[in-house]
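Just below is one structure, and these are the notes that go with it.
A short reminder: the numbers here are calculations on the coordinates, not readings from a lab. This structure is a prediction, so every number in the text was calculated from the model and none was measured. So basically every Cβ, Gly included, is an ideal-geometry build from the backbone, and we count neighbours across all protein chains shown.
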């Protein structure tokens with residue numbers, strides 16, 4: 001695969017730690033000239049004669065000029081991250097020193113790496129498939145325990161393993177059907193059609209499970225936008241402050257205090273919820289600034305992944321609540337109904353609202369029912385068990401390819417029902433294999449790889 005890509009066999013170098021002043025900086029060099037180049041700078045011993053996966057301390061010298069005392073970590077290909085000869089140089093963390101070391105390496109014919117090029121080489125050299133390579137970027141960007149765990153599982157091959165099982169079964173039947181075509185004049189059947197039907201059903205089920213996991217994966221990776229909406233003085237700002245355990249929003253008894261949206265992030269069980277406190281919604285307002293705030297509230301409501309409709313039980317009728325629910329259902333908005341101020345609610349009011357399925361009763365001011373609300377937020381957002389060990393799809397590119405795969409599997413199933421000829425059936429199966437290959441990298445091109453890896457860090 002590698003020979004198709006221009007420049008893949010160059011030797012490359014890049015800073016692998018964040019730029020700026022620090023105790024240590026780490027520079028990575030990879031390619032067939034890594035050891036000869038570093039031998040010209042590290043003259044105290046012959047690095048090519050040393051064993052792989054060893055550390056060596058000494059001075060880097062550019063001619064007679066000593067650059068720094070460093071630690072070199074040697075990784076000889078193919079037993080390295082990239083599959084090539086790789087050396088990691090741990091220098092002191094002065095930006096000036098790091099620049100001098102990289103410049104000395106550049107002067108010896110080593111070019112600067114492009115974003116993600118080290119991981120791209122790992123893919124091209126068969127150390128990772130494309131799905132695993134993309135999970136490396138997800139792991140670097142992870143900011144919660146759930147996102148770290150999911151990215152690490154995918155990087156170790158959890159998602160890829162599930163795809164390879166699908167692919168292997170399809171390849172077997174594809175080969176048998178292709179064999180039938182070679183003996184078409186003799187009217188022989190090598191592939192058991194009934195067994196293929198069962199296989200397609202199994203593959204469709206597995207594909208749909210992966211597709212359904214994307215809701216959870218997207219929540220883990222990107223967080224969940226939650227708009228808190230309701231009438232003025234329903235307690236939206238108080239609820240935001242209670243969830244955050246700080247006084248982030250101004251709270252007063254004056255209706256319409258919140259004029260603009262306030263956004264904050266809350267981590268619940270490894271899921272990031274981006275909470276948006278909106279201006280109170282009421283039908284008529286003579287205040288032009290408040291009116292703009294109300295319009296923004298509706299915009300946030302429509303754009304949110306989840307809406308918390310908060311209301312004062314003593315200031316809303318059951319009919320008004322049902323009207324609001326009808327609006328949510330019409331616009332296909334996912335929502336939770338939160339009855340606030342339950343500590344001061346009339347028993348008759350509580351009894352009336354209890355008729356509404358799924359309603360939560362809280363007191364934001366007294367912190368009553370908040371834990372139940374957090375559990376409901378997670379359950380509504382992920383639509384499943386966050387701690388499940390099943391493979392989770394987090395990448396939108398993978399999700400799109402899986403949707404195409406599901407459609408192609410349905411084409412195969414329809415073809416089997418209609419008893420189409422083997423050559424047409426083989427075409428449909430090849431299409432399924434194509435979409436699987438798009439995910440794992442069996443089917444790719446240079447432009448696609450450049451786009452994917454351009455989103456990586458320079459030194460990764």
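Using mean Cβ contacts within 10 Å as the protection proxy, how do 344-350, 396-402, 224-230, 109-115 order, highest first?
224-230, 396-402, 109-115, 344-350
Quick one: which of 237-245, 305-313 comes out on top by average Cβ neighbours within 10 Å, and what's the full order, highest first?
Working: 237-245: 20.2, 305-313: 22.3.
Packing order, densest peptide first, comes out as 305-313, 237-245.
Cα extents of segment 105-243 along the three principal axes, largest first, in whole Å?
Extents along the principal axes: 80, 61, 20 Å.
Given a Förster distance of 35 Å, report the FRET efficiency between residue 410 and residue 178 from their Cβ-Cβ distance, rounded to the nearest 0.05.
Approximately 0.95, to the nearest 0.05.
Applying 1/(1 + (r/R0)^6) with R0 = 35 Å to the Cβ-Cβ distance of residue 346 and residue 245, what FRET efficiency is obtained, to the nearest 0.05?
0.75
Taking the Cβ of each residue in 324, 38 as the centre, tally the other Cβ atoms inside 10 Å and list the residues starting with the fewest.
Least crowded to most crowded, the residues run 324, 38.
Just to verify a number: FRET efficiency for residue 71 and residue 396, C-beta to C-beta distance, R0 = 30 Å, to 0.05?
Working from the Cβ atoms, E equals 0.15.
Highest mean first, how do 421-431, 150-160 rank when packing is the count of other Cβ atoms within 10 Å averaged over residues?
The peptides rank, most packed first, as 150-160, 421-431.
In nm, what is the difference between 0.36 nm times the number of residues separating residue 325 and residue 168 and their Cα-Cα distance?
Numbers: separation 157, 0.36 × 157 = 56.52 nm, distance 4.75 nm.
Value of the extension gain: 51.8 nm.
For residue 193 and residue 61 in one chain, what is 0.36 nm times their gap in residues minus the Cα-Cα distance, to one decimal in nm?
Here the segment from residue 193 to residue 61 would lengthen by 40.6 nm.
So for 145, 88, 264, 134, fewest C-beta neighbours within 10 Å to most, what's the order? Numbers along the way, then the final one.
Values: 145 13, 88 20, 264 16, 134 28.
Lowest to highest Cβ neighbour count: 145, 264, 88, 134.
Points 7 angstrom from Cα along the Cβ direction at residue 378 and residue 94: gap in nanometres?
Spacing of the two 7 Å Cα→Cβ label points: 4.9 nm.
I want to check the label-to-label distance for residue 143 and residue 54. Put each point 7 Å from Cα in the C-beta direction and report it in nm to one decimal.
In this crude spin-label approximation the distance works out to 4.4 nm.
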